[in-house]
Every structure is written in structure tokens, then in C-alpha cells.
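These notes are about the structure you will find just below.
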Amino acid sequence: MNALDILGAVMQSGMSPQAGDRLGSILGQIMGGQMGGGAPAVAGSAPGGGMFDVLSKVAGAMMGGQGGTSATGGLPTEILKQVAGAVLGGHAAPGNTATGAGSLAVFGTLAAQALEMAKGVFGGAQAQAGGPTNVRMDNQTAVLAGMRAPANAQEQQQVMDVAMLTLRAMISAAKADGQVDEQERQRLLGKLNEGGISAEEQRFVAEEMQKPIDLDVLTRAVPNQQVGAQIYAASLMAIAVDTDAERHYLADLAAKLKLDPAAVTYMHQAVGLS
């Protein structure tokens, strides 16, 4: 079972109608913050459209190990250029695994920026998406954040573990208003079937959707703050955040992950939430 493949299919299925626009907002934040100046206009697209081609392009460069990190940290400059090109009209070959890996890289970059900005708050800086960040991390954390291609089988397994954790976090968030109803469940599974994932992978998603929410189990599997912030960012892709139940769910998740409120605020601003 390929966790990146399932994650990519879930991202393309449109678990949340807002996912495309929020990914566009994140990519605009990343490109604006790391290329200097304001973020370019990045419009989200319908599931399976250009925004997901962008993620595939991000992943293709990352998993190929192209380039070192940029001077401001985060995704390599060459990958950012490819992302910008794709947003402005380029196209990438489709693929669930590439989309899943690209999603991890985007979530990882946003999480790293949020955590770095939160550190700055203690020094008097203001936590605001779009501001400059100077992200630094060790090589091991960079792999977990999707910012460096895995160099061996052990690192590849670590990436798969983070992808599985991200997937579980997104499915858990989708149940914040209660169990996913049968109609919504069938719609998502139908989209996953169209996306080409295996019957075993479809069964896994169906079983996860039926499980009760257990944030203690989910958060105990988180190895560090970087991954914790990543799965929080991914959770924002899975729900509209327009009900008290969803807002309470996110507050509980952030508390159990021990995320700094400034980092949470930064991520909310980056996806267009107040």
C-alpha cells in the first residue's frame, strides 16, 4: 500500500471544496515569501486541474533531488521557479504519487515557515503570513518536511510514514462534524476509484472514515513539531472551518500537538482563514 499514492488521490478527489483555493493561497505565500516581494496571484482550481498539476511538478523536482535549499530555506529555488511556471500556464504529467509528494512538500514548507515565524514573535516580530522567513532545519527534518529527497530506503519509509500520518489527519478532520454520511463516503470513494488507487487502498480509506475520532492516538504518532505543524496544515485542506464543531476540533488538535498559537495563526492566514 502506497501512502503517497492514496494521499495524492485524496487531494485530487476534492475532500473539501475549499482545498484548491487554499493550496493556491499557500503556494502564493511560499513563492512570495521566498522569492522576495509580494506573492504572485495563484488561483486554486477544481480537483484534478492545474493546481494539482502544480503539486506534481513540485514533487517531480523534489523527488529527483534537484537543487539545494534557497537562501531563505523551504523549497529549493529551482522548484519554486517550476511551481511559478506551472501556475502561470505550464502543465505537469498527472500522477497520484507525485501529487501526494508535492502536497507533503507544500505542507512542510508552510509548517516550517509558521514555526520559524512563531519563534520570531518572542523577539517582537508579528506573526503574519506573507512576511519574510528564514527557515533552517537539519537534514533529517528536511526529509520529513518533504524539502529533501530521501537518500535511502530508511528515509523513504520515513516519508511514507509521514504521508500516512497526514492522510489519517485529513480523514480525521473530515469527521469533525460527526461521522461522514454515507452519501459523502460513497462520493469520495467513487472519486478515489476513478483516481486509480487499488482496492486495498480504497478499503483502507473506507475503514478510516468509519473509525471514531481519536486525537490522542493521532498525535502520539507525531515525531516532532515540524510534522505536527504539517498535519495541522493538511487538516485545513479537509474541512471548511465554518462550524463550531470544526473550529473546536482544530483548537483541540493544535493543543494536543502543542503548537504555538502564533504558528497556528500564521497557517490560518496563509490559507485565507481569519
Checklist outcome for this item: Result for the stretch 130-255: accessible area per residue, probe 1.4 angstrom, in square angstrom, of 47
Checklist entry - Please state the equivalent ellipsoid semi-axes for the stretch 180-274: what are the square roots of 5 times the Cα gyration tensor eigenvalues, largest first, in whole Å? => result 26, 16, 13
Checklist outcome for this item: Here the residues of the stretch 191-221 lying in the modelled label zone of Q157, meaning backbone nitrogen under 18 Å from a point 7 Å along Cα-to-Cβ, are 221
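Rounded to the nearest 0.05, what FRET efficiency do D242 and D138 give with R0 = 30 Å and r taken as the Cβ-Cβ distance? Could you check?
Numbers: r = 38 Å, r/R0 = 1.27.
Computed FRET efficiency for D242 and D138 comes out at 0.20.
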Checklist entry - Ranked by accessible surface with a 1.4 Å probe, highest first, in what order do E184, E201 come? => result E184, E201
Next on the checklist: At 1.4 Å probe size, what's the solvent-accessible area of S198? Round to the nearest 10 Å².
Outcome noted: 50
Checklist entry - What part of the accessible area of the stretch 184-274, given as a whole %, is carbon or sulfur when the probe is 1.4 angstrom? => result 50
Item to check | Residues E194 and K119, FRET efficiency given R0 of 41 Å [Cβ-Cβ distance, rounded to 0.05] | outcome: 0.45
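The values are calculated or read from the model by the stated rules, or taken from the named source; none is laboratory data. It should be emphasised that the depicted structure is a prediction, and the values quoted were computed from it without experimental measurement. Cβ coordinates were reconstructed from backbone atoms using ideal geometry, including for glycine residues, and neighbour counts include every protein chain displayed. Accessible surface areas use protein heavy atoms only, side chains included; no ligands, DNA or RNA. Shrake-Rupley method; radii C 1.70, N 1.55, O 1.52, S 1.80 Å.
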